[in-house]
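A.B. asks: Submitted below is the structure of interest, expressed as structure tokens.
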Amino acid sequence: MPRFLRADGAHRRIEGWPLVFTILTVLAILVGTLVEFAPIFLVHGAVEPLATLRPWTPLELAGRDLYIREGCNNCHSQMVRPFQDEVARYGPVSTAGETAYETPFLWGSKRTGPDLARVGGKYPDLWHVRHMEDPRSTSPQSIMPAYAHLLTDPLDIDDLPARLRANRAIGVPYTDAEIEGAVALARAQADSVAARVREAGGPDQLADREIVAMVAYLQRLGRDARAAVDTARTAAGPVAVAH
Amino acid sequence: MADPIPAPPAAAPASRVAADEGRSRFEVFTYDDRIESGFVLATVLWGFVGMLVGALIALQLPFPEANIGPYLTFGRLRPLHTNAVIFAFAGNGIFAAIYYSTQRLCKARMFSDVMSKVHFWGWQSIIVAAAITLPLGITTSKEYAELEWPIDIAIAVVWVVFAVNFFGTLWRRREKHMYVALWFYIATIVTVAVLHIGNSLEYPISLTKSYPIYRGVQDALVQWWYGHNAVAFFLTTPFLGLMYYFLPKAAERPVFSYRLSIVHFWSLVFLYIWAGPHHLQYTAVPEWAATLGMVFSVMLWMPSWGGMINGLFTLRGAWHKLRDSVVLKMFVVGITFYGMATFEGPLLSIKSVNALSHYTDWTIGHVHSGALGWNGFMIFGMIYWLLPRLWRTPLWSERLANVHFWIGTVGILLYVLAMYTSGITQGLMLRAFDGAGRRCTPDFVETVEQIRPMYWVRLVGGTMYLSGVVMLMVNMYMTIRRAPKQLPDPAVAIPRTGGLALVPAFAS
């Protein structure tokens, strides 16, 4: 080794051959790349979707894209880690299988605000409407920005078929019926969200606003995972008491 | 830079013959300093813009009323800040370092002046496109890769132009041996291309919206293979190249060890790629991937400190020069922060440490000690060294430059110490259980209330750092104002016979 490194050694010669040097550098960076990617890409079934996992509904996908647009992932994670305090605070630990239909992944890398992986069903729809309009109306100490424009800006769902088609091309199992009926499905779900908000005493006329999509998306987070946990619990039978 | 060989004094006809003879024995060419000046100006301008956005988002956290929706909310501005400081500030700084040092290390002008200009203006246009699209919410959400696919294509095209220009210069070089800085530039250029293309593969549905071709766990692994190696090959390797050129120049000392440079170059380039999954500890990625990320990150400490040692030991026998040189002050503190950040990084990669630190401000503190300390200060040192040389006039105020150094250093310390405090506080609060098995902090928002004062301290630190950049801008403006009107490119004369056989100045 020492002779290789001498001022008249073999490495010195490579330092005079830029092409060889470049090729060696490329090889050096490809090793780690291939080792870490090969199993997850080449092994069929490396990432199996949860049995209970369903793709996002068209309205939920629209809401997810709003979440991305507003940059919510910059402050909120969606990844419950296998720690006692996280399970107690958020719910069941996040699994690979439940994120199999997510493109892009939204696991996040910072919790300026709480994790949202299990927020679905935790609050009523009206709470989310109020919270987006003014976070401090539901959580006085919150530092989250207000997103009042979500209640006034019209929801654009005309390109939903294109969005579903793109997701299908990437491997999310949308059916032809879902793609063709995407706009109608979204409108129907939007109407039901808006109705629930109205009945709870919230603002009227939200069915064609962006807020219903955002609410639909947030209310879906963690549902499929909880369903998987419940299914497993039911199958396992009563929990044995440790002696 | 050498002056053209003067003609020997003699009677008129004989002197002309002698001058012609002299000129035919030498190859005379010039270095392109105009492009260099452009990159220096762009670096400082975008540094100011990117850090100003940083100060605004730092204000928005403890003072949410500063979110001016819908375009100027934290969620939309944070990617603008990261893209501006990484690709606009550090990016132009890297190009300034590469264009200046490569020409001189190769003893050759850049391969193509046209490509230099396409690279420069192409890159600035990309930054403007980012500044427009990100506040509009046109984003992929993937960190440091938020720009949508049309801009991704532009980045790839400009990067290829840059690569051809750089490798073309290597091809045309008169100095046969490649100095260590050039190895780091090669690693930067090829790896950034691979990472960018790999992570930007997307399925577009319109000019402003696309979906990554990867899903779930695959997308996470690809994203952090990219994200961590953006740090490695955009924020580390080109800056090590910068260090290897500008530090020995400024200190007028040889680099400490040739052998160390070989060993740490190859181990750095090989190990760094594996470290990506340390961003995904205890997430849904397979455990073997996370463990590999941890182990290789810990190993990465060594080649990183190899770079630090080679840099700092270069100043053996020259430490007294720091007193009178703001350039050396910047470089020494920069390299020291590099050492601290590359110790902290492996530490944070260890699963048990990461269990506390992940998702907290400790990560933010870590990033900013590296970014403000290493990247920022190395760029400032380089610019203070370049300003008198590019504009052929002394720096307007050494004193102001020194104030910049001190206010910047104190700013960094306030920033990172505030973030360590808030990160560790929040991490400990969230995981605490009392004797009866109940969570001590049932509401997440209680941790936010606790750490809010630290957000104000961080704002103060960051604003101090930004004010240092303003001082640099003032100094730069006043220096350039005094520059001579004519700034011809520096000329070099190389003897035609035999060529140069430069031995790099290494101590061992």
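A.B. asks: Would you confirm, using the coordinates I've provided, whether A:ALA186 is surrounded by fewer than 17 Cβ atoms within 10 Å (Cβ to Cβ), in the same structural domain as A:GLY63 (by TED's automatic domain parsing) and in a helix (DSSP H, G or I)?
C.D. replies: Details: surrounded by fewer than 17 Cβ atoms within 10 Å (Cβ to Cβ): no; in the same structural domain as A:GLY63 (by TED's automatic domain parsing): yes; in a helix (DSSP H, G or I): yes.
Spelling it out, it is not the case that A:ALA186 is surrounded by fewer than 17 Cβ atoms within 10 Å (Cβ to Cβ), in the same structural domain as A:GLY63 (by TED's automatic domain parsing) and in a helix (DSSP H, G or I).
A.B. asks: Right, next: Which residues, taken from the range A:102-133, are aromatic (Phe, Trp, Tyr) and either crowded, with 21+ Cβ neighbours inside 10 Å or on the phi > 0 side of the Ramachandran plot (or both)?
C.D. replies: A:PHE105, A:TRP107
A.B. asks: What's the number of the only condition in (1) within 14 Å of chain A (Cβ to nearest Cβ); (2) in contact with a Phe, Trp or Tyr (Cβ under 7 Å, 6 or more places away or on another chain); (3) among the basic types (Lys, Arg) that B:ARG438 fails to meet?
C.D. replies: Looking at each condition in turn, B:ARG438 falls short on (2).
A.B. asks: Looking at B:ILE262, B:ILE273, B:ILE213, can you tell me which residue is in contact with a Leu (Cβ under 7 Å, 6 or more places away or on another chain), over 23 Å from A:MET79 (Cα atoms) and at the interface with another protein chain (Cβ under 10 Å from one of its Cβ atoms)? Don't jump to the end; show me each part of the working.
C.D. replies: On the way: B:ILE273 fails: in contact with a Leu (Cβ under 7 Å, 6 or more places away or on another chain); B:ILE213 fails: over 23 Å from A:MET79 (Cα atoms).
Going through B:ILE262, B:ILE273, B:ILE213 in turn, the sole match is B:ILE262.
A.B. asks: Can you go through A:LEU66, A:LEU59, A:LEU53, A:LEU42 and tell me which one is on the phi < 0 side of the Ramachandran plot, more than 7 Å from chain B (Cβ to nearest Cβ) and without any contact (Cβ under 8 Å) to a residue 24 or more places away in the chain? Spell out the reasoning first.
C.D. replies: Values: A:LEU66 fails: without any contact (Cβ under 8 Å) to a residue 24 or more places away in the chain; A:LEU59 fails: without any contact (Cβ under 8 Å) to a residue 24 or more places away in the chain; A:LEU53 fails: without any contact (Cβ under 8 Å) to a residue 24 or more places away in the chain.
Exactly one of A:LEU66, A:LEU59, A:LEU53, A:LEU42 is on the phi < 0 side of the Ramachandran plot, more than 7 Å from chain B (Cβ to nearest Cβ) and without any contact (Cβ under 8 Å) to a residue 24 or more places away in the chain, namely A:LEU42.
A.B. asks: Something else about it: Of the residues A:GLY121, A:GLY97, A:GLY108, which is at pLDDT below 95 and in contact with a helix residue (DSSP H, G or I) (Cβ under 9 Å, 6 or more places away or on another chain)? Spell out how you get there, then give the answer.
C.D. replies: Details: A:GLY121 fails: at pLDDT below 95; A:GLY108 fails: at pLDDT below 95.
Sole residue among the options that is at pLDDT below 95 and in contact with a helix residue (DSSP H, G or I) (Cβ under 9 Å, 6 or more places away or on another chain): A:GLY97.
A.B. asks: While we're looking at this one, here's another question. Any idea which of (1) surrounded by fewer than 23 Cβ atoms within 10 Å (Cβ to Cβ); (2) at pLDDT 95 or above; (3) in contact with a Leu (Cβ under 7 Å, 6 or more places away or on another chain) is the one A:PRO82 doesn't satisfy?
C.D. replies: (3)
A.B. asks: Also, quick follow-up: Hey, can you tell me all the residues within the range A:17-43 that are exposed (fewer than 13 other Cβ atoms within 10 Å of the Cβ) and either assigned to a loop (DSSP other than H, G, I, E, B) or aromatic (Phe, Trp, Tyr) (or both)?
C.D. replies: The answer is A:VAL43, and nothing else.
A.B. asks: Just to verify a result, which residue in the range A:147-176, among those that are outside any helix (DSSP H, G or I), under 19 Å from the mean Cα position of the chain (by Cα) and more than 7 Å from chain B (Cβ to nearest Cβ), is surrounded by the fewest Cβ atoms within 10 Å (Cβ to Cβ)? Before you say what the answer is, go through the steps one by one.
C.D. replies: Residues of the range A:147-176 that are outside any helix (DSSP H, G or I), as a first pass: A:147-148, A:153-159, A:170-175.
Narrowing the set further to residues that are under 19 Å from the mean Cα position of the chain (by Cα) leaves A:170-174.
After this cut, where a residue has to be more than 7 Å from chain B (Cβ to nearest Cβ) as well, the list is A:172-174.
Values: A:VAL172: 19, A:PRO173: 12, A:TYR174: 21.
Step by step, filter the range A:147-176, then rank; the result is A:PRO173.
A.B. asks: Restricting the range A:106-127 to residues that are more than 7 Å from chain B (Cβ to nearest Cβ) and among the charged types (D, E, K, R), which is nearest to A:TYR147 (Cα to Cα)?
C.D. replies: Filtering the range A:106-127 for residues that are more than 7 Å from chain B (Cβ to nearest Cβ) and among the charged types (D, E, K, R), the one nearest to A:TYR147 (Cα to Cα) comes out as A:ASP125.
A.B. asks: Among A:THR103, A:THR95, which is the only one that is at the interface with chain B (Cβ under 7 Å from one of its Cβ atoms), outside any helix (DSSP H, G or I) and touching a strand residue (DSSP E or B) at 6+ places or on another chain (Cβ under 8 Å)?
C.D. replies: Checking each option against the conditions leaves just A:THR103.
A.B. asks: Could you tell me whether any residue of the range A:193-207 is in contact with a Ser or Thr (Cβ under 8 Å, 6 or more places away or on another chain) and at pLDDT 95 or above? Don't jump to the end; show me each part of the working.
C.D. replies: Of the range A:193-207, the ones in contact with a Ser or Thr (Cβ under 8 Å, 6 or more places away or on another chain) are none.
The answer is no; no qualifying residue exists.
A.B. asks: Now for a different question. Any idea which residue in the range B:418-433 is nearest to B:VAL367 (Cα to Cα), counting only those that are free of Cβ contacts under 8 Å to residues at least 40 places away in the same chain and more than 12 Å from chain A (Cβ to nearest Cβ)?
C.D. replies: Filtering the range B:418-433 for residues that are free of Cβ contacts under 8 Å to residues at least 40 places away in the same chain and more than 12 Å from chain A (Cβ to nearest Cβ), the one nearest to B:VAL367 (Cα to Cα) comes out as B:THR421.
A.B. asks: Now, a different point. Within the range B:44-67, which residues are at the interface with another protein chain (Cβ under 9 Å from one of its Cβ atoms) and either assigned to a strand (DSSP E or B) or in contact (Cβ under 8 Å) with a residue 24 or more places away in the chain (or both)?
C.D. replies: Hits for the range B:44-67 are B:LEU61, B:PRO62.
A.B. asks: Further question on the same structure: For B:PRO286, are the conditions met, namely being modelled with pLDDT under 95, within 30 Å of A:VAL80 (Cα to Cα) and facing another protein chain (nearest Cβ under 8 Å)?
C.D. replies: yes
A.B. asks: Step by step: first the residues of the range B:218-242, then only those that are β-branched (Val, Ile, Thr) and either closer than 28 Å to B:ASN310 by Cα or modelled with pLDDT under 95 (or both), then the one that is surrounded by the fewest Cβ atoms within 10 Å (Cβ to Cβ). Which residue is that?
C.D. replies: Of everything passing the filter in the range B:218-242, B:VAL231 is surrounded by the fewest Cβ atoms within 10 Å (Cβ to Cβ).
A.B. asks: A further question on this structure: Any chance you could count how many residues in the range A:190-215 are crowded, with 20+ Cβ neighbours inside 10 Å and part of a helix (DSSP H, G or I)?
C.D. replies: So the answer is 10.
A.B. asks: Condition check: in the same structural domain as A:VAL212 (by TED's automatic domain parsing), in contact with a Gly (Cβ under 8 Å, 6 or more places away or on another chain) and not aromatic (Phe, Trp, Tyr). Does A:LEU126 satisfy that?
C.D. replies: On the way: in the same structural domain as A:VAL212 (by TED's automatic domain parsing): yes; in contact with a Gly (Cβ under 8 Å, 6 or more places away or on another chain): yes; not aromatic (Phe, Trp, Tyr): yes.
Yes, satisfied.
A.B. asks: Looking at (1) touching a strand residue (DSSP E or B) at 6+ places or on another chain (Cβ under 6 Å); (2) surrounded by fewer than 23 Cβ atoms within 10 Å (Cβ to Cβ), which one does B:THR314 not meet, given that it meets all the others?
C.D. replies: Status for B:THR314: all satisfied but (2).
A.B. asks: Next question, about the same structure. Of all residues in the range B:144-185, which are touching a residue at least 12 places away in the same chain (Cβ under 8 Å), surrounded by fewer than 16 Cβ atoms within 10 Å (Cβ to Cβ) and over 28 Å from B:ALA493 (Cβ atoms)?
C.D. replies: Result: B:PRO150, B:ALA156, B:VAL157, B:VAL160.
The values are calculated or read from the model by the stated rules, or taken from the named source; none is laboratory data. Predicted model, so just to flag it, every value in this text is computed and none were measured. Because the Cβ atoms are built from the backbone with ideal geometry, glycine has one as well, and the counts that use them run over all protein chains shown.
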